[in-house]
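Take a look at the structure set out below.
Read-outs: derived from the displayed coordinates by stated rules, not from any lab. This one's a predicted model, so the numbers in the text were calculated from it and none came from an experiment. Here the Cβ positions follow ideal geometry from the backbone for every residue, glycine too, while neighbour counts run over all protein chains shown.
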Amino acid sequence: MFENRANNEASLSVNAAVKLKEAISLKNKGKFESALMSIEEALKLQGNYVDAWLMKGVILGQWGRCTESLKCYDKILEIDPHCANAWHLKGATYSMMSRFDQASDCEVKAIELNPDNMDFYLSLATFYQKQKKFKDAQKCYEELLKQKPNNPQIHYLIGITLGNKGEYQKALDSIEQALRLKADFNEALIIKGILLTKLGRGDEAKLCTEKLLETKNEPEKPKPEQLNPPRYYFQKETTDTKKSNM
């Protein structure tokens, strides 16, 4: 009897996985309604199928049905409170709703469960940037730097954050470190020019512009895999934000 039950459960699990794979394919084609139907079939076969709940949440979120998407992640956390991806995706959904404080809270929980995931720190820093909590964002990047000290993108992100705080010389130091690690880092070169201008070093800023113009005439090189930074060029912290970061 127990053998038959185990075989039936295994069969249900395989069929549910097939339905999930089908849903992913449909989602990638933009067929959200059909994808959801396949997800629902997978969940009928296996109600505690975490990956199916995750995909359902993603599809609903991409379809703009954020409130329903959040319920999927809550369901996952009932099944497995230690699912870091559920907290991460819940944070991303709150971000889509411009509820960045709640997004930050979710991402903090994701990091507590999986402190080695760089994407979680990047997301949290982005949510802090949206709230103009630049000191908190900087802490995220500094934590990343411990993991990847020679990653030019992280030095670049720290430079952006320091620039947002008005610490232009420190920002320039970080940007120059990014350029030492990656000489053809054009986005960093653009920021270097902006920072030099803000520091009153216009002649040096012009050299950055000239170098950028030179690279435009060169064949484009394949880009290595890198972090995708948010572009927040030197905003100012509000008084309330400054107080909250003290």
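Quick one: give the max-minus-min coordinate of the C-alpha atoms of the stretch 54-131 along each principal axis, largest first, in Å.
26, 25, 16
How large is ³J(HN,Hα) for each residue in the stretch 153-161, as worked out from phi by the Karplus curve 6.51 cos²θ - 1.76 cosθ + 1.60 (θ = phi - 60°), to whole Hz, x for Gly and Pro?
Karplus-based 3J(HN,Hα) across the stretch 153-161 equals 5, 5, 4, 4, 5, 5, x, 4, 5 Hz.
With a 10 Å radius around each residue's Cβ, average the other Cβ atoms per peptide and rank 195-202, 20-27, 208-215, 154-161, highest first.
Working: 195-202: 15.6, 20-27: 18.6, 208-215: 12.9, 154-161: 27.1.
My ranking of the peptides, most packed first, is 154-161, 20-27, 195-202, 208-215.
Would you mind calculating the gained length between LYS21 and GLN62 on full extension (0.36 nm times residue separation, minus the Cα-Cα distance), in nm to one decimal?
Values: separation 41, 0.36 × 41 = 14.76 nm, distance 1.76 nm.
Stretched out fully, the LYS21 to GLN62 stretch lengthens by 13.0 nm.
So if I take the centroid of the Cα atoms in the stretch 18-77 and the same for the stretch 119-159, what is the distance between those two points in Å?
Result: 31 Å between the Cα centres.
What is the gain in length, in nm to one decimal, between ASP101 and LYS206 on full extension, counting 0.36 nm per residue of separation less the C-alpha to C-alpha distance? Could you put the intermediate results ahead of the total?
Details: separation 105, 0.36 × 105 = 37.80 nm, distance 3.97 nm.
Separation in residues times 0.36 nm, less the Cα-Cα distance, equals 33.8 nm.
Under 8 Å for C-alpha pairs, at least 6 residues apart: give me the relative contact order for the stretch 69-188, rounded to a whole percent.
Values: 142 pairs, mean separation 18.0, N = 120.
Result for the stretch 69-188 is 15 percent.
Which entries of LYS135/LYS192; LYS146/LYS192; LYS31/LYS75; LYS182/LYS211; LYS29/LYS75 have Cα-Cα distances beyond 19 Å here?
Numbers: LYS135/LYS192 21 Å; LYS146/LYS192 23 Å; LYS31/LYS75 24 Å; LYS182/LYS211 14 Å; LYS29/LYS75 26 Å.
In this structure, LYS135/LYS192; LYS146/LYS192; LYS31/LYS75; LYS29/LYS75 exceed 19 Å between Cα atoms.
What residue among ALA92, VAL108, PHE120 has its Cα farthest toward the positive end of the dipole of the stretch 1-145, where the charges are +1 on Lys, Arg and -1 on Asp, Glu, each on the Cβ?
Checking the options against the dipole of the stretch 1-145, the answer is ALA92.
For VAL50, VAL14, VAL58, which order do you get if you count the other beta carbons within 10 Å of each Cβ and list the fewest first? If you can, show how the numbers build up before the last one.
On the way: VAL50 16, VAL14 12, VAL58 21.
Final ranking by Cβ density, sparse to dense: VAL14, VAL50, VAL58.
Can you tell me how much longer the chain between THR197 and LYS44 gets when fully stretched, taken as 0.36 nm per residue apart minus their C-alpha distance, in nm with one decimal? Write out the running numbers ahead of the final one.
Numbers: separation 153, 0.36 × 153 = 55.08 nm, distance 6.11 nm.
Gain on stretching THR197 to LYS44: 49.0 nm.
Dipole size in debye (nearest 20) for the stretch 77-131 around its Cα centre, Lys and Arg Cβ +1, Asp and Glu Cβ -1? Each step should come with its number before you reach the end.
Values: 4 positive and 8 negative charges, 50 e Å.
Here the stretch 77-131 has a charge dipole of around 240 debye.
What distance in nm separates the two pseudo spin-label positions at ILE190 and ASP116, each 7 Å out from Cα along the beta-carbon direction?
3.5
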